[in-house]
Amino acid sequence: MRHEHSTDAASTILTGPQIDDGGDAEGAASMNWIYPVSAEIEEDASVLGGKGSGLVLLHRLGLPVPPAFIISTEACRAFLRDGRFPAGLDAELAAAVAALEAGAGRRLGSFERPLVVSVRSGGSVSMPGMMHTILDLGLTTATTAALAAETGDTRFALDSRLRFLSSFATAVFGLEPERLETAARGAAARDKGSAEADLADAIEGVTTVIRERAGEPVPDDAIRQLEMAIRAVFSSWHTPRARTYRELHGISHELGTAVIVQAMVFGNRDDHSGTGVAFSRNPNTGERVPFGEVMFGRQGEDVVSGRSMTEPLSRLAEREPAVWASLTAALDRIEQHYRDSCYVEFTFESGRLWILQLRPGRFVGRAAVRVAVDLVDESTIDRAEALLRVSPRYLHYIRTPRIATADGVDIFTRGLGACPGVAAGAVATTADQAVRMSAHGSVILVRPYTSPADMHGLAAAAGVVTARGGPTSHAAVVARAMGKPAVVGVTDLMVDVTGARVHAGGRSLPEGSVITIDGSGGEVVVGNARLADTATDPYLHRLLAWADEFSGGDPDADEPDRLAAAHAVLRTGQ
């Protein structure tokens, strides 16, 4: 066994220094394909991917990041071109794993203090949920037992093993998550026992389904797991949903994705652990209040997938005030760097915060206008920069309509407004139906939750409604990026795909029924609803006044034209 770090914090699975370079910059210079996550790394997102570049920035800002290394987009392009790892990658991977082991104070596949990692995609341009992620990799039969012995918590170790098997089988073997979830629930229900016994039964059930459907088991060797996971993440660049997303957003198919291999921190470790996502400001309104979701005792995929109900981010302040204080301080630090709103994904393990991803907020519409104006008031940017940060096309949607609910409208159900706006259309219960029905008129996609496999349906629909998930779930994030109204977390909604109906509040609507949704208030209304007048936005009024000052334009002109005239002056320097 290689020498391993000691720790004075036995309750935390990830040990070693809080900020660890995962290898020195001099050693990295000899690598062609792999880079440690280190403050000294100079490559940009075109090589490291957006996620990897963000991890490097977190190091530079002195924020807590688990040790990691990045396999470059160049390696992905070579793999996709040749169908195999490029020459030298195997040797670099072995060296990178050794450095990661040293940084984490653990060893991959070891029967004592095993290292467990995540393997994530990270393109140079954000493509939320479009490519594969594998969590808890390295948990073989033996290392799961070792983790249980080390922590004294068999339930935690088995839960993590079950999560690994499911994510690996989905990403590597292409099995449907729903089939694996059904197998796990069915096996656990056969013999009502302790939580540990139920998890062991669930693992057996999932293992059986994997062997039957994939024709082979998940390897019980950690290094082999890692190699297969990297290949799967590279290959996910060309999945139909990823190609659809790139075509919708004008992203080149030639870029490829980086792969981030990072020591796991466990949001499912204990009662003082969890995971969440946070914006430094509200992405719907721009208000300077942290906004997001949190889940306690769970891992990150549970939040962003939208399969589970989350809690508002504010609950973190109540339950884990020290973690909340660390998170808000981190958001402030990142905002200072970007001079803009920001977004982070985080996990806290046994009361200790770790940041796993960051990026600028990238707000649109009303939220973008308010943030730009507020940043001027905060003396962070000047008026010229504020004007240039708001696209004239945002103003076409700035006067966000609302459903007029005071006139006794037929409200079918209510959820959480996740992306402002109103849309009306026929109910479609699957993504394929949404595409077919959209040829004949406007469609609203209604699902239990959405996944990347629903991308074509989201593109075809005018809006989306989901029974599960919160304001930062997959459905919400994708709808926001597309500027489409979304209502999520409709807790009484049931979607019967077989019967082609949706149910809520004791009522039922057949597929094809027209509904109207309000992405601000969360209402779902039967039929075409009347819209309420929209009040003038004071932040927009101020922004357009600045635009007229720069351009000498006409205050009576259309709002997008006034902003575009100011852009033209500012960009030409006149």
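At-a-glance table
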| read-out | value |
| --- | --- |
| Residue match in the stretch 515-537 (condition: modelled with pLDDT under 90, of a type in the set (S, T, Y) and surrounded by fewer than 19 Cβ atoms within 10 Å (Cβ to Cβ)) | yes |
| Residue list for the stretch 205-225, filter: under 22 Å from G109 (Cβ atoms) and among the charged types (D, E, K, R) | R211, E216, D220, D221, R224 |
| Residues that are closer than 18 Å to L387 by Cβ and crowded, with 24+ Cβ neighbours inside 10 Å, drawn from the stretch 355-365 | F363, G365 |
| Any hit, the stretch 186-193, residues being of a type in the set (G, A, S) and modelled with pLDDT of 85 or more | no |
| All positions within the stretch 51-90 that are under 24 Å from T328 (Cβ atoms) and among the hydroxyl-bearing types (S, T, Y) | S53 |
| Where V488 falls short, out of the listed (1) open to solvent by 10 Å² or more (accessible area, probe 1.4 Å); (2) under 19 Å from G365 (Cβ atoms) | (1) |
| Restricting the stretch 128-158 to residues that are on the phi > 0 side of the Ramachandran plot, of a type in the set (G, A, S) and within 26 Å of the chain's Cα centre (by Cα), the residue that is most open to solvent (accessible area, probe 1.4 Å) | G129 |
| Positions within the stretch 418-434 being of a type in the set (A, V, I, L, M) and either within 16 Å of R402 (Cα to Cα) or free of Cβ contacts under 8 Å to residues at least 24 places away in the same chain (or both), in sequence order | A418, V422, A423, A424 |
| Criterion: touching a residue at least 12 places away in the same chain (Cβ under 8 Å), on the phi > 0 side of the Ramachandran plot and open to solvent by less than 10 Å² (accessible area, probe 1.4 Å) - qualifying residue of G469, G457 | G469 |
| Some residue of the stretch 467-479 being of a type in the set (D, E, K, R) and out of contact with any Pro (no Cβ under 8 Å at 6 or more places or on another chain) | no |
| Selection count where residues are within 20 Å of Q433 (Cα to Cα) and crowded, with 22+ Cβ neighbours inside 10 Å, scope the stretch 491-514 | 3 |
| Sole exception among (1) in a strand (DSSP E or B); (2) under 28 Å from T239 (Cα atoms); (3) open to solvent by 20 Å² or more (accessible area, probe 1.4 Å); (4) not acidic (D, E) for V427, by number | (3) |
| Complete set of residues in the stretch 324-354 that are among the small types (G, A, S) and either more than 18 Å from F291 (Cβ to Cβ) or open to solvent by less than 20 Å² (accessible area, probe 1.4 Å) (or both) | A330, S341, S350, G351 |
| Unique residue being without any contact (Cβ under 8 Å) to a residue 12 or more places away in the chain, open to solvent by 10 Å² or more (accessible area, probe 1.4 Å) and not in a strand (DSSP E or B) when the list is A87, A95 | A87 |
| Members of the stretch 384-417 found to be open to solvent by 70 Å² or more (accessible area, probe 1.4 Å), farther than 15 Å from V526 by Cβ and part of a strand (DSSP E or B), listed by number | R402, L416 |
| Options V344, V277, V265, V289; residue that is outside any helix (DSSP H, G or I) and without any contact (Cβ under 8 Å) to a residue 24 or more places away in the chain | V289 |
| Filtered residues of the stretch 523-574 (kept if without any contact (Cβ under 8 Å) to a residue 60 or more places away in the chain, over 22 Å from G421 (Cα atoms) and under 37 Å from the mean Cα position of the chain (by Cα)) | A545, R562, A565, A568 |
| The stretch 72-94, subset aliphatic (A, V, I, L, M) and under 22 Å from T140 (Cβ atoms), residue farthest from the chain's Cα centre (by Cα) | A94 |
| Residue count, the stretch 351-374 (criterion: in contact with a helix residue (DSSP H, G or I) (Cβ under 6 Å, 6 or more places away or on another chain) and either assigned to a helix (DSSP H, G or I) or free of Cβ contacts under 8 Å to residues at least 60 places away in the same chain (or both)) | 7 |
| Residue in the stretch 549-566 that is open to solvent by 50 Å² or more (accessible area, probe 1.4 Å), farther than 30 Å from R383 by Cα and among the charged types (D, E, K, R) present | no |
| Residue in the stretch 304-312 that is open to solvent by 10 Å² or more (accessible area, probe 1.4 Å) and in a helix (DSSP H, G or I) present | yes |
| Helices (runs of 4 or more DSSP H) contained in the stretch 159-262 and holding at least 2 residues open to solvent by 30 Å² or more (accessible area, probe 1.4 Å) and of a type in the set (A, V, I, L, M, F, W, C) | 195-214 |
| Verdict on T73 being surrounded by 15 or more Cβ atoms within 10 Å (Cβ to Cβ), modelled with pLDDT under 55 and of a type in the set (V, I, T) | no |
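Here's the yes/no breakdown for (1) farther than 30 Å from A149 by Cα; (2) surrounded by fewer than 17 Cβ atoms within 10 Å (Cβ to Cβ); (3) of a type in the set (A, V, I, L, M); (4) at pLDDT 95 or above:
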site	(1), (2), (3), (4)
A9	no, yes, yes, no
G16	no, no, no, no
G22	no, no, no, no
I41	yes, no, yes, no
L55	yes, no, yes, yes
A68	no, no, yes, yes
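Yes/no per residue for (1) under 20 Å from A184 (Cβ atoms); (2) out of contact with any helix residue (DSSP H, G or I) (no Cβ under 8 Å at 6 or more places or on another chain); (3) not aromatic (F, W, Y):
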{"residue": "I70", "(1), (2), (3)": "no, no, yes"}
{"residue": "F85", "(1), (2), (3)": "no, no, no"}
{"residue": "L93", "(1), (2), (3)": "no, no, yes"}
{"residue": "T140", "(1), (2), (3)": "yes, no, yes"}
{"residue": "R155", "(1), (2), (3)": "yes, no, yes"}
{"residue": "D159", "(1), (2), (3)": "yes, no, yes"}
{"residue": "F168", "(1), (2), (3)": "yes, no, no"}
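The values are calculated or read from the model by the stated rules, or taken from the named source; none is laboratory data. Nothing here was measured: the structure is a model prediction, and the numbers come from that model. Reconstructed Cβ throughout: ideal geometry from the backbone, glycine too, with neighbour counts over all protein chains shown. These accessible areas exclude ligands, DNA and RNA; they are computed on the full protein's heavy atoms, side chains included. Shrake-Rupley method; radii C 1.70, N 1.55, O 1.52, S 1.80 Å.
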